[in-house]
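Below is one structure, written out as structure tokens; the observations come after it.
The values are calculated or read from the model by the stated rules, or taken from the named source; none is laboratory data. Not measured: the values here are computed from a predicted model. Ideal geometry is used to build each Cβ from the backbone, glycine not excepted, and the neighbour counts take in all protein chains shown. Just the protein is used for accessible areas: all its heavy atoms, side chains included, with ligands, DNA and RNA removed. Shrake-Rupley method; radii C 1.70, N 1.55, O 1.52, S 1.80 Å.
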Amino acid sequence: MTSDLIRDDYRECRAALVCLAVIAGLHLSLLLAMLPDYFADNDLGYHVSLARQYALHGTYFWDSLNWAPSGRPNLQGPALHFANGLLGRLLGGEGDDYVLGFALLAVLQWATAVFTAVYFARRFGGDRAALFAGALFCGGIYSAAPFFVGVPSGWIFVLTPWAIHFFLRDRYILSALFTSLAVYVHLGGISTAPFGVFLAAVFSRRWRGLAAVGIITVVLTAPYTIHFLRHVDWYTGRRGHVAGSAAFLIYLLAVPGLILLLRRPRQNLFLLVWAVAPLAWLYQDGLRFFLQSTIAGAVIGAIFTAWLLQRLHGRSLHTWLVGGLVALATVFPLSLPSLPIEFAWAAGHGYPRELDWKEARRLAEVLEESGHSDRIVNSYYDSLSGAMAVYTDLSQEYGHWGEVRPPVNPAADVPTGDKVYVAPLPPDDPTMRRLEHSGLLRVHGGSAYTSVVTLGPPGPVEVVAPLAADIMVEEGTWIARNAVNNVMPPLRILMSPADLQAQRRAMAGQKVHPGRIQIAYLLYSHSVERTDPELAAAVRRGARAWGAIANFIGDETAIDYLSDGRFRRFRDNAALFAAEAASLRGRVVPTPELDAASTRLFDDFFGN
């Protein structure tokens, strides 16, 4: 079935293909130039650390990196991690080799996504539609980045249309292979590619084809699906905080494009099924539905644009409109464009830097040198210790990919002093050094803004409580008076390397203040461990919350997570918390008022 929306005499345009090649080639060149310091999404520490485990062990059905000491079943689709592990081994088998391997696969994912968009836009809309699809997809950071970062879910949105396409062309073996690969690449593929093939079968009445594809897919994916079903009770579906935006220009064109396609649904069956197939993601991960459905949206929007422009009769007007739309999609796609960000990363000034591999490597070295690699690692945010696991063997408390977790934290009863902490403080932080001089903790080293820390012998609670109170009052007051929201800086700062560096230092310095409160919580928990283990466990949970707050208000991975209104409430709550924390100067047990102030601060901040 092929669409007849575009006239035959309008389909061919050599100039459009040349322009498309220039645009795609420019973006590809920049992505390749980024390879020595490739854009690292917050999730990549987790994904690349799993790839290293596949490389070391061949299989990795049980995840011992996360949720120590017991771990959890590894329910992530293995295809990308296995490929990354194999490529990393071929490149040398060191931590940075796995990072480079993932970057190469990320560029491949982007290139495959571009080819997919261009192929189907040209098939159903001609050369100009292919140009529009390529420009729309490549031009906006919220359409291109979800694929060039290389996370596994992106492959689902690339593989699904091919599974549907081959099914509608009665090439059932190929359809089953692409459907199976979509399942193996990510757990969400189970609800996407098979659903797309099912819809295609229902509307085209290819029941024998559906049976053939279904049987082949079930057989091919049985090892993974059986493993998942055996451990399905571990899957909670709970997700962490996600920030992002939408590719407005794509959806502005895709919505009327969908309406146009619905006028003749049988002739446009492939495009309509492609658009509907990922709908399960609206429930599973609504943001990624909108970010990664841009590949289908770009095609549908491009076909709509070509259909609209073919109705114009003036050659000059038509040429100007085509050029103007391509320029708009490339330079200002009604959201952040890709080119400035790609140029910045290619030039070594990438922003935002959600994950710093150099920092992760340095922290891993410090952990090894400290002799505490056998301890459970408690990082102020889980992705960082996941990235450290790319360079060394470790097991961390809690873990990345919160959809799969044990019902109870298996490290909840591990004493505070038996863990090693990755804290959001520089090794020379004066507060931390003062505490080290008192024998309460030891700083083993770290990076510019992060330290590896262990606790000393527990101090007497009558000494630690007022010491913790002083820290909590001072730092809570600073936050209430001085903290600023962690948002994307204005363009004038982004375009100035000096101003951007100053912005980075200011935001990184801001997380020191909740980091000190986190340390104060840990010392207090350590001091009451023997006499009141229940209180110690509750205080440890509070320490984790303050570590997460440090991440949210200081790290580039958390830009734009909090609205200005919620951040103002956070500052107000920090002032109340500081006022109530003063009570610990005269008593060793938190007052109900301090407990209430802490609970309110955490609930308002995290949206509980």
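Tabulated values for the structure
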| read-out | value |
| --- | --- |
| Test: residue in region 362-382 that is of a type in the set (Phe, Trp, Tyr) and either more than 27 Å from the chain's Cα centre (by Cα) or outside any helix (DSSP H, G or I) (or both) | yes |
| Residues of region 336-348 that turn out to be surrounded by fewer than 17 Cβ atoms within 10 Å (Cβ to Cβ) and either in contact with an Asp or Glu (Cβ under 7 Å, 6 or more places away or on another chain) or not aromatic (Phe, Trp, Tyr) (or both), as a count | 3 |
| Test: residue in region 538-545 that is at pLDDT below 95, within 23 Å of the chain's Cα centre (by Cα) and either part of a helix (DSSP H, G or I) or of a type in the set (S, T, N, Q) (or both) | no |
| Meets criteria (more than 17 Å from LEU131 (Cα to Cα), surrounded by 15 or more Cβ atoms within 10 Å (Cβ to Cβ) and modelled with pLDDT under 95) for LEU355 | yes |
| Residues (open to solvent by 40 Å² or more (accessible area, probe 1.4 Å), modelled with pLDDT of 95 or more and of a type in the set (A, V, I, L, M)) located in region 576-593 | LEU576, ALA579 |
| Pair list, Cβ < 8 Å and 6+ apart or interchain, from region 81-92 residues that are of a type in the set (Lys, Arg) to residues that are at pLDDT 95 or above | ARG89/ALA55; ARG89/ASP97 |
| Qualifying residue in region 372-390 (condition: small (Gly, Ala, Ser), at pLDDT below 90 and surrounded by fewer than 18 Cβ atoms within 10 Å (Cβ to Cβ)) | no |
| Whichever residue in region 594-608 is of a type in the set (Asp, Glu) and surrounded by 13 or more Cβ atoms within 10 Å (Cβ to Cβ) and, among such residues, is nearest to ASP470 (Cα to Cα) | ASP595 |
| Per-region count, region 449-469, residues part of a helix (DSSP H, G or I) and open to solvent by less than 10 Å² (accessible area, probe 1.4 Å) | 4 |
| Elements of type helices (runs of 4 or more DSSP H) contained in region 179-283, each with 1 or more residues being open to solvent by less than 80 Å² (accessible area, probe 1.4 Å), over 26 Å from PHE304 (Cα atoms) and out of contact with any Asp or Glu (no Cβ under 7 Å at 6 or more places or on another chain) | 193-204, 207-230 |
| From the options PHE570, PHE552, residue that is more than 23 Å from the chain's Cα centre (by Cα), under 30 Å from ALA387 (Cβ atoms), aromatic (Phe, Trp, Tyr) and assigned to a helix (DSSP H, G or I) | PHE570 |
| Selection status of SER438, open to solvent by less than 20 Å² (accessible area, probe 1.4 Å) and under 26 Å from GLN510 (Cβ atoms) | no |
| Conditions (1) within 26 Å of the chain's Cα centre (by Cα); (2) in a helix (DSSP H, G or I); (3) surrounded by 14 or more Cβ atoms within 10 Å (Cβ to Cβ); number of the one not met by LEU562 | (2) |
| Total residues in region 308-348, condition within 23 Å of the chain's Cα centre (by Cα) and closer than 14 Å to LEU491 by Cβ | 8 |
| Residue match in region 512-524 (condition: in contact (Cβ under 8 Å) with a residue 12 or more places away in the chain, open to solvent by less than 60 Å² (accessible area, probe 1.4 Å), touching a strand residue (DSSP E or B) at 6+ places or on another chain (Cβ under 8 Å) and of a type in the set (S, T, N, Q)) | yes |
| Every pair of residues 6+ apart whose Cβ atoms lie under 6 Å, when the first sits in region 325-336 and is over 18 Å from LEU308 (Cα atoms) while the second is β-branched (Val, Ile, Thr) and modelled with pLDDT of 90 or more | LEU336/ILE141 |
| Candidate set: region 9-37, residues that are farther than 15 Å from ALA144 by Cα and among the β-branched types (Val, Ile, Thr); chosen: the one least open to solvent (accessible area, probe 1.4 Å) | VAL18 |
| Hits in region 417-448 - residues which are β-branched (Val, Ile, Thr) and either at positive phi or not in a strand (DSSP E or B) (or both) | THR431 |
| Verdict on ALA411 being farther than 21 Å from GLN76 by Cα, open to solvent by less than 10 Å² (accessible area, probe 1.4 Å) and either under 27 Å from the mean Cα position of the chain (by Cα) or aromatic (Phe, Trp, Tyr) (or both) | yes |
| Subset of region 497-506 (residues that are of a type outside the set (D, E, K, R), in contact (Cβ under 8 Å) with a residue 40 or more places away in the chain and open to solvent by 20 Å² or more (accessible area, probe 1.4 Å)) | PRO497 |
| Residues located in region 517-534, provided they are touching a Phe, Trp or Tyr at 6+ places or on another chain (Cβ under 9 Å) and not polar (S, T, N, Q) | ILE517, ILE519, ALA520, TYR521, LEU522 |
| Single residue of ARG505, ARG569, ARG492 found to be over 19 Å from ALA423 (Cα atoms), at pLDDT below 95 and not β-branched (Val, Ile, Thr) | ARG492 |
| Residue check, ILE6 surrounded by fewer than 23 Cβ atoms within 10 Å (Cβ to Cβ), touching a Ser or Thr at 6+ places or on another chain (Cβ under 7 Å), touching a residue at least 60 places away in the same chain (Cβ under 8 Å) and within 30 Å of LEU308 (Cβ to Cβ) | no |
| All helices (runs of 4 or more DSSP H) inside region 38-149 with 2 or more residues being open to solvent by less than 10 Å² (accessible area, probe 1.4 Å) and farther than 18 Å from SER385 by Cβ | 79-91, 95-139, 141-148 |
| Close pairs from region 108-128: first free of Cβ contacts under 8 Å to residues at least 60 places away in the same chain and farther than 14 Å from LEU20 by Cβ, partner open to solvent by 10 Å² or more (accessible area, probe 1.4 Å) and not basic (Lys, Arg), Cβ under 7 Å, at least 6 apart | GLN109/TRP155 |
| Enumeration of residues in region 539-551 that are open to solvent by 20 Å² or more (accessible area, probe 1.4 Å) and either over 24 Å from ALA448 (Cβ atoms) or aromatic (Phe, Trp, Tyr) (or both) | ARG540, ARG541 |
| In region 470-496, residue least open to solvent (accessible area, probe 1.4 Å) [restricted to those that are touching a helix residue (DSSP H, G or I) at 6+ places or on another chain (Cβ under 6 Å), in contact (Cβ under 8 Å) with a residue 60 or more places away in the chain and under 20 Å from VAL528 (Cβ atoms)] | MET472 |
